[in-house]
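The values are calculated or read from the model by the stated rules, or taken from the named source; none is laboratory data. The structure displayed is predicted, hence computed values, not measured ones. For neighbour counting, all protein chains shown are included, and Cβ atoms are generated from backbone atoms with ideal geometry for every residue, glycine included. These area figures cover heavy atoms from the full protein model, side chains too; ligands, DNA and RNA do not enter into them. Shrake-Rupley method; radii C 1.70, N 1.55, O 1.52, S 1.80 Å.
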Amino acid sequence: MSATAKSVPVESASAERPVLLAAEHLTQYFPIKKGLLFEREVAHVHAVDDVTLHLREGETLGLVGESGCGKTTLSRTLMRLLDPTGGTISFRGVDITKAGRTKLKPVRREMQMVFQDPFASLNPRKRIGQIIGAPLALHGVGKAEIAARSAELLDRVGLQHEHLSRFPHEFSGGQRQRIGIARALALEPKLIVLDEPVSALDVSIQAQIVNLLDDLQDDLGLTYLFVAHDLSVVRHVSDRIAVMYLGRIMELSPSEELYVKPIHPYTRALLAAIPIPDPRENRARERVVISGEPPSPVDPPPGCVFHTRCPRVQDICRREVPRMSEYAAGHLAACHFPLNVTAAEAAASTRSDTSPAASSDTPPQVPSPAKSTATPQ
């Protein structure tokens, strides 16, 4: 991929940026109902389970994990497309957790979303001018201004003015995603949630879209939440990366730090799955295979939710939810027996404010060398 790697901001400089979007102990449970005449709730799907995140202005936060781990549900809940079950969401310091339509309307201008499937996210019965102009019309912009603004947006994303009169089926996948980005930019938002925006595109087109998003961020001062399952793509665009598993955040780290020094065993397994173009290097590297399937989110395992598949599991992992420990350089990880951490680093770690409410206060431990696992190259 030809996308240029994103430089990692200095941690102190990043900390000075104001928080744009914050989620505190956010949960999203979907009820499972049973019965024909009288339905009753018999269980819940724990799609998002006690997640705390802070997204600062101008940064890109990558959100990665296996399919079904809750990435898209978390992003939709943050956008208030879904009402959260618990916790709080704030935008620019204002609590919007239970805000109604009237209170959310001005916030909607500043929070937009680009969806994963460019084929399904555009109305096939509408012309491109109507699709891009719809957000503007909803917020009371006049027709003349809508036409001028739509043409300007198409030009910004690399399309032509004459495309305004065409239908979505007349465009390729990459062009449709550019239209989706243009629609998201219509109201000049500050935050854009990108829900796997390149996963349905060819590799060469992925690079073009990634470079376009990077240019738009530099020109417009945008903040991104970039949801993906491909860590090789996320590395190019993210300042920080959050790793999610079974509805919970396992690790949160500056981008390059995560690839050089993964602390959670799940993160290491995800990194080991990234294909290496050189076949000799690919054959020579250590294989890290996670056995088994992810547990059901209807009945998550006690303790650490990853313990049923973790090669470093011990008794405490089955009993206690690990705290989110903060290491040097703002690197956070929720693991009782972390990787690539010395005994001194483990002892110096502190409990992060982003720790789940039900987590223990037991500090991380460094297992004996006989039980440790080598780090993949």
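For this structure, a couple of remarks:
- Within the option set P168, P124, being more than 27 Å from G221 (Cβ to Cβ), open to solvent by less than 10 Å² (accessible area, probe 1.4 Å), touching a residue at least 40 places away in the same chain (Cβ under 8 Å) and within 29 Å of the chain's Cα centre (by Cα) holds for one residue only, P168.
- Residues that are open to solvent by less than 70 Å² (accessible area, probe 1.4 Å) and farther than 18 Å from T354 by Cα within the stretch 18-34 comprise Y29, P31, I32, listed in sequence order.
- Members of the stretch 279-321 found to be in contact with a Lys or Arg (Cβ under 9 Å, 6 or more places away or on another chain) and farther than 20 Å from P262 by Cα, listed by number: G292, E293, P294, P295, P300, P301, P302, G303
Yes/no matrix, rows are residues, columns are (1) closer than 21 Å to M244 by Cα; (2) at pLDDT 95 or above; (3) open to solvent by less than 70 Å² (accessible area, probe 1.4 Å):
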| position | (1), (2), (3) |
| --- | --- |
| F306 | yes, yes, yes |
| E326 | yes, yes, no |
| V341 | yes, no, yes |
| S360 | yes, no, yes |
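- Exactly one residue out of V243, V233 is at pLDDT 95 or above, open to solvent by less than 20 Å² (accessible area, probe 1.4 Å) and in contact with a strand residue (DSSP E or B) (Cβ under 9 Å, 6 or more places away or on another chain), and it is V243.
- Close pairs (9 angstrom Cβ cut-off, 6 or more residues apart or separate chains): at positive phi and open to solvent by less than 90 Å² (accessible area, probe 1.4 Å) in the stretch 310-322, charged (D, E, K, R) and part of a helix (DSSP H, G or I) anywhere: none
- Test for Q208: is it touching a strand residue (DSSP E or B) at 6+ places or on another chain (Cβ under 8 Å) and in a helix (DSSP H, G or I): no
- One residue from R76, R127, R56, R92 being charged (D, E, K, R), out of contact with any His (no Cβ under 6 Å at 6 or more places or on another chain) and farther than 23 Å from R240 by Cβ: R127
- Test: residue in the stretch 320-333 that is part of a loop (DSSP other than H, G, I, E, B), farther than 14 Å from M250 by Cβ and in contact with a His (Cβ under 8 Å, 6 or more places away or on another chain): yes
- G180 vs. criteria open to solvent by less than 50 Å² (accessible area, probe 1.4 Å) and at positive phi: no
- Summed over the stretch 136-190, residues that are under 25 Å from F91 (Cα atoms) and outside any loop (DSSP other than H, G, I, E, B) total 9.
- Test: residue in the stretch 275-298 that is out of contact with any Cys (no Cβ under 6 Å at 6 or more places or on another chain) and open to solvent by less than 10 Å² (accessible area, probe 1.4 Å): no
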